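Take a look at the structure below.
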Amino acid sequence: MTHASPAPVVRAKDLARFYGDVVGVCDLTVDIPPGTVGLLGPTGAGKSTFLKLLAGELKPSRGSIEVLGAPPFANPAVHSRLGFCPQQDALWDDMTALEFVEFLLRLSGFEPARARKAALVALERVQLVDAKDRRLGGFSKGMRQRARIAQSIAHEPQLVVLDEPLTGLDPLARHATLELFRQLAAEGASVLFSTHVLHEVEALTTNVVLLHRGRLLARGEVPAIRALLDRHPRRYSIQAREPRRLARELVELEGVEAVRIAEGGMLVVETRQPERLLEALPAIASAARAGIGAFESRDEGLEAVFDYLMGGST
Amino acid sequence: MNPGTEAAPANRAEMHGGAWRPWSGERRPSRLRAAPIVRAGLRIALRKKLPLVLLFLPPVVATIIFSFVVYTVAALAQGMAPAGLGGAGGAMGQAMGGAGGAGDIVKQLVRVREMIVGFHLSTDFFSVLLMAWFGAGLLADDRKSGAHLLYFARPLTRFDYLLGKFCIVAAFGVLGSILPGLVIISVAVAASPDWSFLQQEGSVVWKTLLFGGAWTLVVSSLVLAVSSLSTRKSYALAGVFAWFMFSGATALLLSRLLKDRDWLALSPVQCGVRIAEDLFDMRLGVRDWNTPLAWTAWGLVVALSWTIIWWRTRRLEVV
């Protein structure tokens, strides 16, 4: 692991893409570092547009984007080093899985023998090698998704861009796919994937880019982003044997703004001085004989960060 | 507060920059980048047996029949009974005007040429069927499934993409339009005495290539243009046939109403007939109209088609 600042794999500056009057992304300035990065945002946030822009599928309406140091649009040099898994079905039903991956490798300039070999390796990585000779038309939704992922990694790209890659996968396949992404990252590839399911990102990385209505909402580590949200107090859940007694004591603590008892008797504390709370809690709990059973932060997770940034009423 | 701008410097995620592997693959910018598209497209098309049988059967049967007739005529020109006809050969020879002299041979060779032209015109319909069936879905299906996203994420230009698609349609045009003609010419050459067909009517070979090639170009372009405008293959298929029928009916109607045969240029099929007549130096008598206009009409169809295809392919980026 290094804390130096490596060159970003994606660099967007004032990037905008419009579909007539509809805004895809707008004034997006962001550097995405190597590694695994999650692209987050609700439906219509501009995630797919941004990914297509950086995959060279779309031409920016305004601004610029560089991927691996070069503009991606109509740039074969970038496409050779980039793997793209679109959200769309994008499969040819009459091809077998092996033919599908092999065909796209041939388009990438692989020789026939090498394309066959690389296609088999890719299918094995997504656990489709047993179905390699079956036609894609007969594949389930999850298998089709895995076939798409296979084609995006088969040519060992430096940057893998995946648009909603976990959609349609069953829990086992989802776990295996997340593991695959970890392996790719461990091998040195950068993985940028979009999702609107927050815990999928949390399972893989803390490094996120949040988009909303085509604009950048935040970028960085989830806790770091959370730290910026000073206007929101931190929330902690405390499971206690005597929650009311503990609540009475905590409400007097400096920085605590609110204490309430949620469903199930869980105590929810909101404070602007979390360090003070963490420091004082053991003593207070002991003095009040509250009997603390569990203590956890309620807003370190992406869900909370997302709600805060979106202006939710959490 | 703008969290986006302030959050950017905070970057303590796990990095892999140190192990960031350099590109180690082979980058071979091939000049034949469209070749895998053609290969894969033909492989998929040939996999469906029923359409293949149904669509290729008529031109194959027609080729066999015409080949036999051409062989018979050529054999009769030499005063021989064609093998397999037995005694019927003599009767057929008399019925076809007898044979034997050099003048008769030349006359029969001309008849062979006319047969070949007639064959061209009769198989055009089948070649349209072939090109429409196998080409209608090429762009429409890609658009529908979003498969173009896979193409354009590869080191492939839009020109390569379109060239590959065009070659797939054109391959069926060649199979339905040019190849049968060449087979019949080969039979005529082999059956004529001392390769006389090649000596006397040798230009038929390149004229066949030119006519078949131009016809293939026109129909392929048209099919791809309609496909690029459609959202699914069935619509494109219907669109192609509707266009042929509509243009043909309009051309005939206007030419008769306005008593001006130049209006026939509106129909690519009528243009084909006119061009074939002129190219093969034949006068069927009823369609004597402006040949350059027919060529121009074909050229316009191709130009318009490719304008549409290019425009729609550029629009493929918007999904």
When (1) under 22 Å from the mean Cα position of the chain (by Cα); (2) over 21 Å from A:Arg125 (Cβ atoms) are applied to A:Phe73, the one that fails is (1)
Counting only strands (runs of 3 or more DSSP E) wholly inside the stretch A:1-104, the ones holding at least 1 residues that are at pLDDT below 90 are A:10-19, A:22-32, A:36-40
Go through the stretch A:90-111 residue by residue and tally those that are in contact with a Ser or Thr (Cβ under 7 Å, 6 or more places away or on another chain) and within 19 Å of A:Pro76 (Cα to Cα). 2
Which residues, counting only those in the stretch B:140-166, are open to solvent by 10 Å² or more (accessible area, probe 1.4 Å), among the aliphatic types (A, V, I, L, M) and more than 9 Å from every other protein chain (Cβ to nearest Cβ)? B:Leu163
Residue pairs qualifying under the 8 Å Cβ cut-off, at least six apart or on distinct chains, with the first in the stretch A:113-139 being without any contact (Cβ under 8 Å) to a residue 24 or more places away in the chain and the second being part of a loop (DSSP other than H, G, I, E, B), are A:Arg114/B:Glu26; A:Leu120/A:Lys132
Taking the stretch A:20-32 and the residues there that are touching a residue at least 12 places away in the same chain (Cβ under 8 Å) and open to solvent by 10 Å² or more (accessible area, probe 1.4 Å), the one that is nearest to A:Leu180 (Cα to Cα) would be A:Asp31
Residue count, the stretch A:177-206 (criterion: more than 12 Å from chain B (Cβ to nearest Cβ), more than 21 Å from A:Val67 (Cβ to Cβ) and not acidic (Asp, Glu)): 8
Residues that are on the phi > 0 side of the Ramachandran plot and buried (at least 17 other Cβ atoms within 10 Å of the Cβ), drawn from the stretch A:53-104: A:Gly56, A:Gly63, A:Leu68, A:Ala90
Answer yes or no: is there a residue in the stretch A:147-156 that is under 19 Å from the mean Cα position of the chain (by Cα), of a type in the set (Val, Ile, Thr) and within 19 Å of A:Asp31 (Cβ to Cβ). no
Per-region count, the stretch A:31-83, residues away from chain B (no Cβ under 13 Å) and of a type in the set (A, V, I, L, M, F, W, C): 3
Are there any pairs, at least 6 apart or on different chains, whose C-beta atoms fall under 6 Å, with the first in the stretch A:75-91 and within 13 Å of A:Ser190 (Cβ to Cβ) and the second modelled with pLDDT under 90 and open to solvent by 30 Å² or more (accessible area, probe 1.4 Å), and if so, which? A:Arg81/B:Trp23
Need pairs with beta-carbon distance below 9 Å; first residue under 17 Å from B:Leu304 (Cα atoms) and open to solvent by less than 60 Å² (accessible area, probe 1.4 Å) and within the stretch B:224-249, second of a type in the set (A, V, I, L, M, F, W, C) and outside any helix (DSSP H, G or I); sequence gap 6+ or separate chains. B:Ser228/B:Leu316
Any idea which of A:Leu210, A:Leu277 is in contact (Cβ under 8 Å) with a residue 12 or more places away in the chain and within 14 Å of chain B (Cβ to nearest Cβ)? A:Leu210
The stretch A:128-141, residues that are out of contact with any Ser or Thr (no Cβ under 9 Å at 6 or more places or on another chain) and in a helix (DSSP H, G or I): A:Val129, A:Asp130, A:Gly137, A:Gly138
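The values are calculated or read from the model by the stated rules, or taken from the named source; none is laboratory data. Quantities reported herein were computed from a predicted structural model and do not represent experimental measurements. Cβ coordinates were reconstructed from backbone atoms using ideal geometry, including for glycine residues, and neighbour counts include every protein chain displayed. To get the accessible areas, we keep the full protein, side chains included, count just its heavy atoms, and leave off ligands, DNA and RNA. Shrake-Rupley method; radii C 1.70, N 1.55, O 1.52, S 1.80 Å.
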